[in-house]
Structures are given as structure tokens and as C-alpha cells.
2 protein chains.
Amino acid sequence: MEHELKEIIRKCDLAIKQEDFDFLMNYYTEDAVLVVKPGMVANGKAEINKAFIAIAAYFKNSIEPKQGEMMILEAGDTALVLSQTLLASDKEETTYSMERKATYVFRKNTEGEWLCAIDNSYGTELIGIDKI
Amino acid sequence: MEHELKEIIRKCDLAIKQEDFDFLMNYYTEDAVLVVKPGMVANGKAEINKAFIAIAAYFKNSIEPKQGEMMILEAGDTALVLSQTLLASDKEETTYSMERKATYVFRKNTEGEWLCAIDNSYGTELIGIDKI
């Protein structure tokens, strides 16, 4: 059976494509962290929402994230998702990789819903980059 | 200031070197997951303890893990550690990489202590490997 996190991540990817960030924020914890780019993080829903607006604009409002191969490691109410993240957009992108090996940490809340606590699409590529 | 998780991981690395797995288990959650090798996980402290005994034997009781560059992403009581993990041993190892880009997920318990929930020294290399 497909892991329920796969469906949740699909919904999030669609919300990013549709720029429905209010809906997207339902899938983040209050104190979530998003790695916007190497060297820059957004802390908490308000900052993450703003960051997604800026990311959408950077990609000429045409960003479309998809997940390829995925591996989920689950320990009780905590899950680490390792995922091949594929980004498509109308922008000719040269600065940031459009094919990433992402690391997402999800937490199950008391209602049994999985929420993203750490959203790091850059995966282990961040190692060695100055503190963020 | 150094992040307190760095000191905890140093203690764990030393415990692995000294094969003091009872002490090491103090730093894992009850339902923790350890990726023993690609395709094999240990679930819970009892299995993880056994796995460490097997890993130590595999490396001729001479394993010495060290961390190089590290990046810590923290979201409230959840932290993702991305770390260059360097393994040394007397065994001439050819099957598994001795230089890894690891992903460790830690959770802070109600006493404020960080415990490892997901121990995956293989990082995003697991992507594409059959379900574990």
C-alpha cells in the first residue's frame, strides 16, 4: 500500500504549482523550517508563506515540483522522507539544481495528521555550507 | 556557540568505538529506526542494539565513526542533522562507503533531552533502493 505521506506530498506539490499557499500552509507545523536556498532558511508559517511567494516569482510563476523515487523512514510520530525532487519551470535555471535529492521531516500531530516540520529540498548538499 | 547535538553525537560516536551499546541506547527513542545497510532497517532499541553488535563484528571490532562538516536544521523539538560521517576500521571495506553524507533526525523529549529517532548514515543514497 502506498504510504499516506506520498499523497500528502502530491497535494503540496499541486498547491505549490497552483500557488495556493494558504492551503499549503495546512501541511506545515507552526515552527516549521524551510530551506529557501543554501544559506537561507524561513522559520515558521508566516516566513515560509512569504518565501513560497518569492520562490514562485523567481520561477516566473511557472514552478511545478514533482517527486520521483521516494524512500520513507518512519519512527512512531516522526518520518524522514528521502525524495528525488524534480522541478520544472519556464525559467531557464542555472543557479539552482532542478533535480534534487530532498530530505523532508514530517511529524504526526495529536489528530494523527502528518505535518512537515523540516522542508529541505537540497538534502545533504547543504553540508559544508556556512551556518544558516 | 556549538549546537548541543554536536556533543551528543560525539558521545554516541565514542560509545560505538568503545562498543558501549547500553550507554549508546540512552540516546535513541524507544521506537527509533536505524538503517543498518541499504535494504535493512532495525526498529526499536532492542533491534538497534543487536544491529550495532553485528556492525561492530563486521568491522572486526575496530569501527571508529567521526563526523566532519555538519549542518543542523531545527524546528522546535525536531532536528535534522546533515553530516559528513567518516568511518575508520581495520577491515578493508569495499562494499559500503566509509565516507557518507548522513541524515539523522533527533527529537527533544519532555525532559529537554535530544534523542535520535531516525539514524540513516546512508543519507539520500537510499533513494531508488527497494522498499525497506
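The values are calculated or read from the model by the stated rules, or taken from the named source; none is laboratory data. Note that the structure is a prediction, hence the values are computed from the model and not measured. As a convention, Cβ positions derive from the backbone with ideal geometry for all residues, glycine included, and neighbour counts pool all protein chains shown. We work out accessible area using only protein heavy atoms, side chains counted, and drop any ligands, DNA or RNA first. Shrake-Rupley method; radii C 1.70, N 1.55, O 1.52, S 1.80 Å.
Annotations for the structure displayed:
- Loop-resident GluC sites (Glu not before Pro) (DSSP state other than H, G, I, E or B) in the range A:1-59 with no more than 11 further Cβ atoms inside 10 Å of their Cβ: A:GLU2.
- Per-peptide packing, taken as the mean over residues of other Cβ atoms within 10 Å, places A:117-123, A:81-87 in the sequence A:117-123, A:81-87 from highest down.
- Copy-to-copy label separations for A:HIS3, where each label sits 7 Å from Cα toward Cβ, in nm and ascending: 2.1
- Over the residues of chain B, the helix contribution to mean residue ellipticity at 222 nm works out to -7500 deg cm²/dmol, using -39500 (n - 2.57) for each DSSP H run of at least 4.
- Dipole magnitude of the range A:1-115 about its Cα centre (Cβ charges: Lys, Arg +1; Asp, Glu -1), debye to nearest 20: 320 debye
- Burial here means at least 40 square angstrom less accessible surface with every protein chain in place than with the chain by itself, probed at 1.4 Å; in the range A:84-125 the buried residues are A:LYS101, A:ARG107, A:ILE118, A:THR124.
- Once the partner protein chains are put back, the range A:55-79 shows a loss of at least 30 square angstrom of accessible area, versus the chain by itself, at A:GLU69, A:MET71, A:LEU73, A:ALA75, A:THR78 (probe 1.4 Å, ligands and nucleic acids excluded).
- Of the chymotrypsin sites (Phe, Trp or Tyr not before Pro) found in the range A:46-99, the ones in coil according to DSSP and having at most 16 other Cβ atoms within 10 Å of their Cβ are A:TYR96.
- Rounded percent of accessible protein surface that carbon and sulfur make up, the range A:4-126, 1.4 Å probe: 48 percent
- Positive contributions from Lys and Arg (+1) and negative ones from Asp and Glu (-1), summed over other residues with Cβ under 13 Å from the Cβ of A:ASN49, come out at -4.
- Area buried, chain B against chain A - accessible surface, total, 1.4 angstrom probe, square angstrom: 2700 Å²
- Copy-to-copy label distances for B:ALA57, where each label lies 7 Å from Cα along Cα-to-Cβ, are 6.1 nm in order of increasing length.
- Whole-Hz ³J(HN,Hα) from phi, Karplus 6.51 cos²θ - 1.76 cosθ + 1.60, for the range B:104-117, glycine and proline x: 10, 10, 10, 10, 8, 8, 5, 8, x, 9, 7, 10, 7, 9
- Label-to-label distance, nm, for residues given as A:ALA88 and B:LYS60 (7 Å Cα→Cβ offset): 5.2 nm
- A convex hull fitted to the Cα coordinates of the protein assembly as shown yields 132 cubic angstrom per residue.
- Rolling a 1.4 Å probe over the protein heavy atoms gives the protein assembly as shown an accessible area of 50 Å² per residue.
- Taking the C-alpha atoms only, the angle from helix A:44-58 to the longest principal axis of chain A is near 40 degrees.
- Hydrodynamic radius by Kirkwood, which averages 1/r over all alpha carbon pairs of chain B, in angstrom: 15.0 Å
- A point 7 Å from Cα along Cα→Cβ stands in for B:GLU30, and the other copies hold the same point at 2.6 nm, listed in rising order.
- Positive end of the dipole of the range B:4-126 (Cβ unit charges, origin at the Cα centre): among B:THR85, B:TYR28, B:ILE72, the Cα lying farthest that way belongs to B:THR85.
- Net +/- balance of residues flanking B:SER89 in space, Cβ distance below 15 Å, scoring K and R +1, D and E -1: -1
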